[in-house]
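**Student:** Take this structure first; my questions come after.
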Amino acid sequence: MKIISAEFVKSAFNKSHWITDGRPEIAFLGRSNVGKSSLLNSLLGRKGLARTSNTPGRTQSINYFLVNGLFYFVDLPGYGYAKVSKAMRSDWGEMAREYLTGRSELVLFIQLVDARHPPSELDLQLNDWLVENESPHIVVATKSDKLSRNEIKKQEAAIGEEMPDSKIIAYSSSTGIGRDELWGEIGRSLKKT
Ligand SMILES: Nc1nc2c(ncn2[C@@H]2O[C@H](COP(=O)(O)OP(=O)(O)OP(=O)(O)O)[C@@H](O)[C@H]2O)c(=O)[nH]1
Ligand SMILES: [Mg+2]
């Protein structure tokens, strides 16, 4: 897809801030620090559009980015960041659940996992949830620039064994591996709307 425009629209801290113009949405989900905001920037070819950081928990709100005036990329806060308080962790659960179940605008869920490690318990829970709800989704194994080609193959197979009902794409926001393939999937999901 040719990116003609990509702009940050707003941050939502509660339901009353959610966007209501009905444009289709693509959501980025995954544990804190896995690389959601980086993936979004990499797909759009705009380095600093979504804020990224080495500090887990950078993205605390639901952030909307309008692409080509046609659809939204939705950057969600990460889960599983141990250092935030218990209350904040359950807030994530509630806010995410509410968002993920209540949005007919969502045409594709992009679940990120770290290509270097086996999926965590929370990764598997989210994946189960996506599969059970028959939510259109893709699993993106990111940071694969940290692995050799052989290791990528191995990890893809290992993740595939744990998430047998999901398509898996190896990705790197640093090198752009997997970018064309992922755009293909995004394009297809938008055509269905
Ligand atoms: N080498 C490498 N580093 C990456 C990649 N993607 C993200 N990173 C790094 O990982 C760190 C976290 O990236 P973010 O994009 O901020 O992660 P996030 O999932 O948005 O994190 P939260 O907003 O805290 O949930 C940053 O230091 C990024 O530079 C990648 O594909 N390769
Ligand atoms: Mg982020």
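**Student:** Can you give the calculated 222 nm mean residue ellipticity of the chain, where each DSSP H run of n ≥ 4 adds -39,500 (n - 2.57) and the sum is split over every residue, rounded to the nearest 500 deg cm²/dmol?
**Tutor:** Details: 5 runs with 65 residues, N = 193.
Value at 222 nm, helices only: -10500 deg cm²/dmol.
**Student:** Mind checking which of Ala157, Ala141, Ala115 has the largest fluctuation in a GNM of the chain, springs on alpha carbons under 10 Å?
**Tutor:** Between Ala157, Ala141, Ala115, it is Ala157 that shows the largest mean-square fluctuation.
**Student:** Would you work out which of Gly160, Ile177, Ile26 lies farthest towards the positive end of the dipole of the chain, given +1 charges on the beta-carbon of Lys and Arg and -1 on that of Asp and Glu, about the Cα centre?
**Tutor:** Of the candidates, Ile177 comes out farthest on the positive side.
**Student:** How high is the relative contact order of the chain, in percent, counting Cα pairs under 8 Å that sit 6 or more residues apart? Let's see the in-between values first.
**Tutor:** Values: 332 pairs, mean separation 43.5, N = 193.
Here the relative contact order equals 23 percent.
**Student:** What dipole magnitude, in Debye to the nearest 20, does the chain give about its Cα centre under +1 on Lys/Arg Cβ and -1 on Asp/Glu Cβ? Present the calculation step by step, with values, prior to reporting the outcome.
**Tutor:** Details: 26 positive and 23 negative charges, 150 e Å.
Here the size comes out at about 720 debye.
**Student:** Hey, what does the equivalent ellipsoid look like for the chain, semi-axes from the Cα gyration tensor as sqrt of 5 times each eigenvalue, largest first, whole Å?
**Tutor:** Values: eigenvalues 104, 80, 56 Å².
Values for the chain, descending: 23, 20, 17 Å.
**Student:** ³J(HN,Hα) across region 11-21 via Karplus (A = 6.51, B = -1.76, C = 1.60, θ = phi - 60°), whole Hz, x for Gly/Pro?
**Tutor:** 9, 10, 9, 7, 4, 5, 8, 4, 6, 10, 8
**Student:** Order these by the 10 Å Cβ neighbour count, fewest first: Glu98, Glu134. Intermediate results must be reported in sequence, preceding the final value.
**Tutor:** Values: Glu98 13, Glu134 8.
Listing Glu98, Glu134 from fewest to most nearby Cβ atoms yields Glu134, Glu98.
**Student:** If you wrap a convex hull around the Cα atoms of region 13-65, how much volume per residue is inside, in Å³? Kindly include the intermediate steps, with their values, before the conclusion.
**Tutor:** On the way: hull volume 4.8 nm³, N = 53.
For region 13-65, the hull spanned by Cα atoms encloses 90 Å³ per residue.
**Student:** Report the net charge of residues surrounding Pro118, where surrounding means a beta-carbon distance below 11 angstrom and charges are Lys +1, Arg +1, Asp -1, Glu -1. Intermediate values should be presented prior to the final figure.
**Tutor:** Details: positive: Arg116; negative: Asp114, Glu121, Asp123, Glu161, Glu162.
Residues close to Pro118 contribute a combined charge of -4.
**Student:** What are the trypsin sites (Lys or Arg not before Pro) within region 127-193 that DSSP puts in a loop, where the Cβ has at most 16 other Cβ atoms within 10 Å? Each step should come with its number before you reach the end.
**Tutor:** Working: sites: Lys143, Lys146, Arg149, Lys153, Lys154, Lys167, Arg179, Arg188, Lys191, Lys192; in loops: Lys143, Lys192.
For trypsin sites (Lys or Arg not before Pro) across region 127-193 that sit outside H, G, I, E and B with at most 16 neighbouring Cβ atoms in 10 Å, the list reads Lys192.
**Student:** Next up: Going by C-beta contacts inside 10 Å, put Ile169, Ile26 in order with the fewest on the left.
**Tutor:** Details: Ile169 20, Ile26 24.
Lowest to highest Cβ neighbour count: Ile169, Ile26.
**Student:** Which far-off residues, 5 or more places away or on another chain, put their amide H under 5 Å from the one on His137, with H placed in the peptide plane?
**Tutor:** Phe109
**Student:** Same structure again: Quick one: Karplus J couplings for region 180-193, per residue in order, coefficients 6.51, -1.76, 1.60, θ = phi - 60°, nearest Hz, x for Gly and Pro?
**Tutor:** Couplings: 4, 5, 5, 4, x, 5, 5, x, 4, 5, 6, 5, 6, 7 Hz.
**Student:** Also: According to the square roots a ≥ b ≥ c of the eigenvalues of the Cα gyration tensor, what is the shape class of region 146-193, taking rounded for a/c under 1.5, prolate for a/b larger than b/c otherwise, and oblate for the remainder? Mind showing how you got there, number by number?
**Tutor:** Values: a/c = 3.89, a/b = 1.40, b/c = 2.78.
Because a/c hits 1.5 or more and a/b fails to exceed b/c, region 146-193 counts as oblate.
**Student:** Just list whichever of Lys143/Lys191; Lys10/Lys154; Lys15/Lys154; Lys146/Lys167; Lys15/Lys146 have alpha carbons separated by over 32 Å in the model shown.
**Tutor:** Details: Lys143/Lys191 28 Å; Lys10/Lys154 39 Å; Lys15/Lys154 41 Å; Lys146/Lys167 21 Å; Lys15/Lys146 38 Å.
With Cα atoms farther than 32 Å apart: Lys10/Lys154; Lys15/Lys154; Lys15/Lys146.
Just so you know, all these numbers are worked out from the coordinates, no wet-lab data involved. Keep in mind that what you see is a predicted model, and the values were worked out from it rather than measured. Positions of Cβ are backbone-derived with ideal geometry, glycine not excepted, and every protein chain shown enters the neighbour counts.
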